[in-house]
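Undergrad: Please read through the structure below; I'll follow up with questions.
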Amino acid sequence: MRFIREVGMALLGVVAVLGLAGPAHAQGNVKAPGVPEGVYNVNIDGQAATTWEIFPICVPTVGDLRDPLLLPVACTLKVTPASLAGREANMVDGQWQFVYDDSEGRTCPDGSKAPQQTVYRFDSYNWTGQMKVLHGGECNDQAGMVVVPLTMSFKQPLSIPVTQYPLQCEPGGLRRCF
């Protein structure tokens, strides 16, 4: 009787493990949560409204080797605001961030130019963020920082299709991506 109970418990354990394993899936055309894609209206306090085109590129990450993890941490956004050259945004502390360094972005009182850095951050769940402008003391004044709020809203899909996960990975255990 003890032997039958032990065999039954062992079979129950095997069934539980196999049941949890589940089938392996190819990456497919699944979108990662929190990864924006499309054309967005952007409003920054004190500036004219603009639009940003956001193109995501992600790399499949592997968790327990059964299913790929679709996480924004494995993604980069190509952001092309109308007023800036294209920038790449990365996930930093749960928000998307990209930096624009302009060697002549600040005009000093005497008319000369000085460098400044602009950091854009936004949350892709509530579409709010901030623009932070930093400058040194190159204009014979103190270094400073200005932070203003930023809001975004979806305008339209991109004009060209985007394959968010351009790499396809083999299903099952250890996988090769190509």
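Undergrad: Only one of these is in contact with a Pro (Cβ under 7 Å, 6 or more places away or on another chain) and free of Cβ contacts under 8 Å to residues at least 40 places away in the same chain: Q142, Q130. Name it. Working first, answer last.
TA: Details: Q142 fails: in contact with a Pro (Cβ under 7 Å, 6 or more places away or on another chain).
Sole residue among the options that is in contact with a Pro (Cβ under 7 Å, 6 or more places away or on another chain) and free of Cβ contacts under 8 Å to residues at least 40 places away in the same chain: Q130.
Undergrad: Look through the range 116-146, keep the residues that are surrounded by fewer than 18 Cβ atoms within 10 Å (Cβ to Cβ) and in contact with a His (Cβ under 7 Å, 6 or more places away or on another chain), and return whichever of them is nearest to A49 (Cα to Cα).
TA: Top of the filtered list is G144.
Undergrad: Here's another thing I want to ask about it. With the requirement that a residue be of a type in the set (F, W, Y) and in contact with a Lys or Arg (Cβ under 7 Å, 6 or more places away or on another chain), what does the range 97-137 give you?
TA: Start the filter on the range 97-137 by keeping residues that are of a type in the set (F, W, Y), which leaves 98, 100, 120, 122, 125, 127.
F98, Y100, listed by residue number.
Undergrad: Within the range 107-126, take every residue that is aromatic (F, W, Y) and without any contact (Cβ under 8 Å) to a residue 60 or more places away in the chain and give me the one that is farthest from G46 (Cα to Cα). Lay out the reasoning, then the answer.
TA: Here is the first cut: in the range 107-126, the residues aromatic (F, W, Y) are 120, 122, 125.
Now drop any that are not without any contact (Cβ under 8 Å) to a residue 60 or more places away in the chain, which leaves 120, 122.
Working: Y120: 15, F122: 17 Å.
So the residue we want is F122.
Values in this text are rule-based calculations from the coordinates and carry no lab data. In this text the structure is predicted, and so the values were computed from the model without any measurement. Note: ideal-geometry Cβ built from the backbone for every residue, glycine included; neighbour counts use all protein chains shown.
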